[in-house]
Amino acid sequence: MALASSPALATMRSTFISLAALCSLLPSVLGHGQVRNFIAASGTYPAADAYAAALPNSPIRKLNTYGPAADFTSATITCGEGGNTPVTALATVNAGETVTFDWGSWGSSHSGPVRYDIHGQMSQWLRQFQGRQRQYLEIDQDVYHPARTAMPWGENILHNGGKYSVVIPDGLANGEYIIRHEILGLHVAGNLMGAQFYPNCVQVKVQNGGSKTLPAGLALPGAYKPTDPGILTQLWWFSPSNATYVAPGGKVTFPGGTGDWGAWKYGS
């Protein structure tokens, strides 16, 4: 009986309960993620972990959570939770180059579309921008392609190595830009505000470009409405016999981008 009431055993019980509680949280943490590396011809640029200190030489804007943008009608939709704080580093890319966002061990079952946007004139507000409404132009979108069988959604491609690529628009004028990459998880999108957006942003310097400048694009925040058909929807609605999904934000509009890297790479 002395053992049952010993301080040592009480401490062990407390430790066990604490570890059990921590383990109960792990699936929700591990079920999400962030971009781990930005890969270009000029090199591989690592991102700071969401729960670690910032990396001073990383061009990837640091997030503060593995989870989605909590309110996609707010400024967090632009570059994610914590991601609207500018960084000083830039990744050098060439116009027309294929670059890759590496999510590492992305293991979530968050089927839905992926997209890429670009924003320019960054040098004018590199240190001032804090998520205020800006114009982002879509250069790639991968929605629902049932012919890809095991990878019908753009997000499913990330289960095949955790990487997704995009082409920097050919002929884009030299300068500093933000490339925004977004996953939209539709697994609980049947609930109002249930859609889960995972935006990540990298700051780049485009070289060897041309004379193409960016027209007006998507206002972020502002463009995504909670009742948009591509946001308030049921994932199970879509099948080979019902393959029409309308992604929020419209279609790819800027010439010279991939248009749909996933369909080109893996077939549609």
Problem - With 10 Å bins from 0: P(r) over the stretch 165-214, alpha-carbon pairs, percent - result: 22, 36, 21, 17, 4
Exercise for the section: Determine the gain in length on full extension of the stretch residue 85-residue 98; use 0.36 nm per residue of separation and subtract their C-alpha separation, reporting nm with one decimal. Expected result: 2.1 nm
Exercise for the section: Please give the peptides 54-64, 173-183, 234-244 ranked by average Cβ packing (other Cβ atoms within 10 Å per residue), highest first, as a rough proxy for protection. Expected result: 173-183, 54-64, 234-244
Handout entry: Among beta bridges that DSSP assigns inside the stretch 31-266, antiparallel share in %, nearest 5
Key = 85 percent
Problem - Reachable aspartates and glutamates, given that their alpha-carbon falls under 12 Å from the alpha-carbon of residue 225 and they are not under 8 places away in the same chain - result: 71
Completion exercise
Low-density loop trypsin sites (Lys or Arg not before Pro), the stretch 187-268, at most 11 other Cβ within 10 Å, DSSP non-H/G/I/E/B, are 251
Practice task
State the dimensionless ratio Rg/Rh of the stretch 31-266 (Rg: radius of gyration of Cα atoms; Rh: Kirkwood radius).
Solution key: 0.93
Fill in the blank from the handout: Rounded to the nearest 0.05, FRET efficiency between residue 207 and residue 57 (Cβ-Cβ, R0 30 Å) equals 0.95
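Laboratory data are not the source of any read-out in this text; all were calculated from the coordinates shown. From a predicted model like this one, the values you see are computed outputs, not experimental measurements. Cβ atoms come from the backbone with ideal geometry, glycine included; neighbour counts cover every protein chain shown.
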